[in-house]
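*Asks:* Can you read through this structure? Questions will come right after.
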Amino acid sequence: MKMKNVFKKLGLFGVIIGLSLSMTSCGYNSMVKKEESVSAAWGQVENVYQRRMDLIGNLVKIVSAEAGFEKSTLVAVQEARSNATKVTIDASKLTPENVKQFQLAQDGLGNVLSRLMSVAENYPNLKSNEAFHDMMSELEGTENRIAVERRNFNTAVQDYNSTIRSFPENLTAKMFGFQTKGYFTASAGADKAPDVKFDIK
């Protein structure tokens, strides 16, 4: 009786070892690492977008102090900023649909920001405002960083997606629920920073 229990335990141990080796050979561990890389890249994307949100909030305060500045433009920027803030995605839910929704909200904010820059050209006092000048420099650098982080994210997603769709890894992916992640697309300038340059003389 004792020997049977020993054999059962040894058999169970063998099964556990076998499953572990099987998961390793089928790419399970690799998929986990690649998914973690996607999550880390997404965290960086969120960080740079949050920085842009903060800078735009400060920029609106500076521009609002300019007498006679178009209120409709400021309202549009504030609304777009509010809408973009509402769209957040958990790293575990980076489906193509969710990423597209996030991108649309952020691109909408980028578009009204460009509009604000265009209108601001008509206000000479802003060009001589040192705080405005500094804010524009920071914002331009942030827009460039956003473009970099979006590319990094897409690279991580491509690596992950190609892995879980390849044979035999796709069998493991299906078994453990690994699903494809969404990309930032090239539409609306996803691969380059929006134009936020301002001619300050």
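*Asks:* How big is the Kirkwood radius of the stretch 31-189, worked out from every pair of different alpha carbons and given in Å to one decimal?
*Replies:* Numbers: mean 1/r = 0.0579 Å⁻¹.
So the Kirkwood estimate lands at 17.3 Å.
*Asks:* Another question, if that's okay. N83 versus K100, label points 7 Å from Cα toward the beta carbon: distance in nm?
*Replies:* 1.7 nm
*Asks:* In addition: Quick one: if you take sqrt(5λ) for each eigenvalue of the C-alpha gyration tensor of the stretch 19-108, what semi-axes come out, biggest first, whole angstrom?
*Replies:* Details: eigenvalues 345, 30, 9 Å².
Ellipsoid half-lengths, sorted descending, are 42, 12, 7 Å.
*Asks:* Taking 31 Å as the cut-off for C-alpha to C-alpha distance, list the pairs among K86/K181; K61/K86; K61/K181; K33/K86 that go past it. Display every interim value, and only then the final one.
*Replies:* Working: K86/K181 21 Å; K61/K86 21 Å; K61/K181 37 Å; K33/K86 29 Å.
Cα-Cα > 31 Å for K61/K181; rest within.
*Asks:* Put a dot 7 Å past each Cα toward the Cβ at E36 and S118; how far apart are the dots in nm?
*Replies:* With each label point 7 Å from Cα toward Cβ, the separation is 4.7 nm.
*Asks:* Across all directions of projection, what mean area in square nanometres is found for the Cα convex hull of the stretch 64-125? Write down the numbers at each step before the final one.
*Replies:* On the way: hull surface 18.9 nm².
Across all orientations, the stretch 64-125 yields a mean hull projection of 4.7 nm².
Quick note: the coordinates plus some simple rules give every number you see, no bench work behind them. Not measured: the values here are computed from a predicted model. Heads up, the Cβs are rebuilt from the backbone with ideal geometry, glycines too, and the neighbour counts pull from every protein chain shown.
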